[in-house]
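Heads up, the thing below is written out as structure tokens.
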């Protein structure tokens, strides 16, 4: 029996147990399988709030990317109709108000169009409008922490099938972000190196977990992932903050992200996933330990009691094998 390994992720400070021999344990696959999307969807659903004519079109648009060829819009951002955060601090009745902004990125007017169905220009439009809104919010001095993410499939927490992402801007730094940034600061002090630069350099030198590069960015399965086939995309030209990027650098980022999502769909069973822009808090955006990446976190294995109690993930698939699978070196099981 292969021995288990305890690995430490350099960017999160969290531990993962890699136990390949657990692949042979009994499992009721039908019970845990949650398809991310129905097989067939209509082009337009009159009951969908994100389709043209739906309730979201009656909301005040925050940012709109028009469709100059067909008319209408290609992507738009509106306030979330059921926000987890409120811009009005006076609404809280008990405890502290959950103040902030909660917005929805409606990626396409088509109900049947997912990110992996889009051509490169359509996909880039989604990245550009998300990036533009994030850049706007970073200029707001009341925003202490910014989160942009996408929940794909019910297994990842999505409540609507129409393609969309979300942006949340908080006037405080959540505890997990504070913990992670304290870890990065400590690692920088101990090693004298920026953790993001060091992590990417180590992955490129090792090579076994690299999935793809395009001259500007690299995608890899991390050494100690939280989930099977987790992917991270980092710039080869280190930058402390994604908003240091020149406009022309967004295209290659969009192209590699699209490539990674297609690999996940075609070579890893099309799992539900969370796509996360991993950025720093406002206070630490320019610190020597700062950095950023785009994280794709598949939701194929729900955490059990040990994972919830300890914060340690257990994986039966080695990251090196997952990377080979995503590269296409091995066939999908």
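Observations
- Residue that is in contact with a helix residue (DSSP H, G or I) (Cβ under 9 Å, 6 or more places away or on another chain), farther than 23 Å from residue 173 by Cβ and not assigned by TED's automatic domain parsing to the domain that holds residue 161, where the choices are 263, 282: 263
- For the stretch 48-77, a tally of residues being more than 27 Å from the chain's Cα centre (by Cα), on the phi < 0 side of the Ramachandran plot and part of a loop (DSSP other than H, G, I, E, B) returns 3.
- Any hit, the stretch 160-167, residues being touching a strand residue (DSSP E or B) at 6+ places or on another chain (Cβ under 7 Å) and not in a strand (DSSP E or B): no
- Residue in the stretch 302-314 that is over 26 Å from residue 139 (Cα atoms), assigned by TED's automatic domain parsing to the domain that holds residue 185 and crowded, with 22+ Cβ neighbours inside 10 Å present: yes
- Scanning the stretch 95-119 for residues that are surrounded by fewer than 19 Cβ atoms within 10 Å (Cβ to Cβ), free of Cβ contacts under 8 Å to residues at least 60 places away in the same chain and not in a loop (DSSP other than H, G, I, E, B) gives a single hit, 117.
- Residues satisfying the stated conditions in the stretch 279-293, i.e. farther than 11 Å from residue 11 by Cβ and under 16 Å from the mean Cα position of the chain (by Cα): 279, 280
- Selection status of residue 122, in contact (Cβ under 8 Å) with a residue 60 or more places away in the chain, under 19 Å from residue 74 (Cα atoms) and assigned to a helix (DSSP H, G or I): no
- The lone exception for residue 299 - which of (1) modelled with pLDDT under 95; (2) crowded, with 17+ Cβ neighbours inside 10 Å; (3) in contact with a helix residue (DSSP H, G or I) (Cβ under 7 Å, 6 or more places away or on another chain); (4) farther than 22 Å from residue 165 by Cα it fails: (4)
- Residue match in the stretch 4-20 (condition: exposed (fewer than 10 other Cβ atoms within 10 Å of the Cβ), modelled with pLDDT of 75 or more and closer than 30 Å to residue 311 by Cβ): no
The values are calculated or read from the model by the stated rules, or taken from the named source; none is laboratory data. What you see is a predicted model, and the numbers here were worked out from it, not measured in a lab. Cβ coordinates were reconstructed from backbone atoms using ideal geometry, including for glycine residues, and neighbour counts include every protein chain displayed.
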